[in-house]
Amino acid sequence: MQKRKLGSIKSNILLLLVLVTIATIFVVAKYSGRVIPNVEGAVGNTACNLYNGGLFCADDDRIYFSNLNDGGALYSMSKNLDDFQYMQEDTVGYINNTSNYVVYSRLNYTRNDSVKHVLQFSYSGIYRVNKKGSHSIGGIYAYDVGAVSLIGNEVYYQKHEKDGNMNLYRASLDGKKDELLLEEKVVPGTLTSTKIYYAGAEGDHYIYSFDPDSKQKVVIYKGNCYQPVLIGGNIYFISLSQNYNIAKIDELGQNPTILVEEKCSYYNVTPDEQYIVYQVDDGKKNRLEVMDLSTRKKTVVKEGDYNGISIIGDRVFFREFGTDDEYYFSLNAPDVVESFNPPDLTEDKKK
């Protein structure tokens, strides 16, 4: 009887060793390989899209997005919103584009089926996936992170520290270099070749510029601000002191101007500064609205509560708060709203 127990224990240990070996080989094979450099100075996604969760991103040919119909998995589609392709099963956010890869934050801890993925050594982190071919995946950072953004070959992200704090880090695209930049809860918003523009989250909510190389930070504007984004020569932001109105200043922090005189929770601005799309939360008639910044003409897009406002070309994608309903419209016809209902290509995962 005792020999039988010992034999059973040895068999279990052997089986465990085999499984560990297989998992190790799988991980090494999946996360190794030379990383092709990105174009220097190329920005991975717009700051406004990233403030809205980074759910959509695009290059010259395709749109990359989190597919709610497949648990938030990474998909791509043509600019005509067809030719859908499955890329990765991960629930994704903070999607950034590079020349050869899509970089994203893994959000698998938000799913109910994460226990099925036994070979995943992390349910969160930052990963890159090849845009073409087998869509092989590589790891950049394998632990809990907040917002993620990218410029050139550098990834900026919020890291959850063991002491509960959240600090700003910078990693290389290949994941071999990683450094602490600021011991502050900084959301890496607008990235340029030399600076990061952000709003203070501790002590004050001023708008700062920060040089990640010299570690020098400069106050641009002393105000109670949230989610600042530099577009052209202007910095747009939500003014907390002005009842969450949307405002702008110039790049030097001068000429403050209120653009939307209503309480807003989310917003996005087109790269050409022609339109601003925003969610009004006045408690009476909550709605998604678009304003032509040249004429100040407003158009109600849809009444209700929405988030995830993503601008890709002349289209705006958005989600209904608390549901999996997703919509889009063209900036040329903001009153014509269509449902965004991409297919679930689950069977493609088995190929």
List the number of the failed condition for Ile137; all other conditions in (1) open to solvent by 20 Å² or more (accessible area, probe 1.4 Å); (2) more than 29 Å from Leu240 (Cβ to Cβ); (3) in contact with a strand residue (DSSP E or B) (Cβ under 7 Å, 6 or more places away or on another chain) hold. (1)
Please work out if Ser310 is part of a strand (DSSP E or B) and over 23 Å from Asn69 (Cα atoms). no
Filter segment 287-300 for residues that are touching a residue at least 12 places away in the same chain (Cβ under 8 Å) and surrounded by 14 or more Cβ atoms within 10 Å (Cβ to Cβ) and give the result. Arg287, Leu288, Glu289, Val290, Met291, Asp292, Leu293, Thr299
Scanning segment 297-342 residue by residue, those charged (D, E, K, R), closer than 24 Å to Gly283 by Cβ and in contact with a Lys or Arg (Cβ under 8 Å, 6 or more places away or on another chain) turn out to be Lys302, Glu303, Asp325
Select, from Val28, Val43, the only residue that is open to solvent by 60 Å² or more (accessible area, probe 1.4 Å) and modelled with pLDDT under 95. Val28
Taking segment 69-93 as the search range and keeping residues that are of a type in the set (Ser, Thr, Tyr) and in contact (Cβ under 8 Å) with a residue 60 or more places away in the chain, which one is least open to solvent (accessible area, probe 1.4 Å)? Tyr75
Residue ID - farthest from Tyr266 (Cα to Cα), chosen from residues in segment 312-345 that are open to solvent by less than 60 Å² (accessible area, probe 1.4 Å) and small (Gly, Ala, Ser): Ala333
When every residue in segment 46-63 that is open to solvent by 10 Å² or more (accessible area, probe 1.4 Å) and part of a strand (DSSP E or B) is compared, the one farthest from Gly93 (Cα to Cα) is Arg62
Please indicate, with yes or no, whether at least one residue in segment 143-155 is over 17 Å from the mean Cα position of the chain (by Cα) and either touching a residue at least 24 places away in the same chain (Cβ under 8 Å) or crowded, with 22+ Cβ neighbours inside 10 Å (or both). no
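The values are calculated or read from the model by the stated rules, or taken from the named source; none is laboratory data. Owing to the predicted nature of the structure, the values given are computational and were not obtained by experimental measurement. Cβ atoms come from the backbone with ideal geometry, glycine included; neighbour counts cover every protein chain shown. Accessible surface is based on the protein model in full, side chains and every heavy atom, while ligands, DNA and RNA are left aside. Shrake-Rupley method; radii C 1.70, N 1.55, O 1.52, S 1.80 Å.
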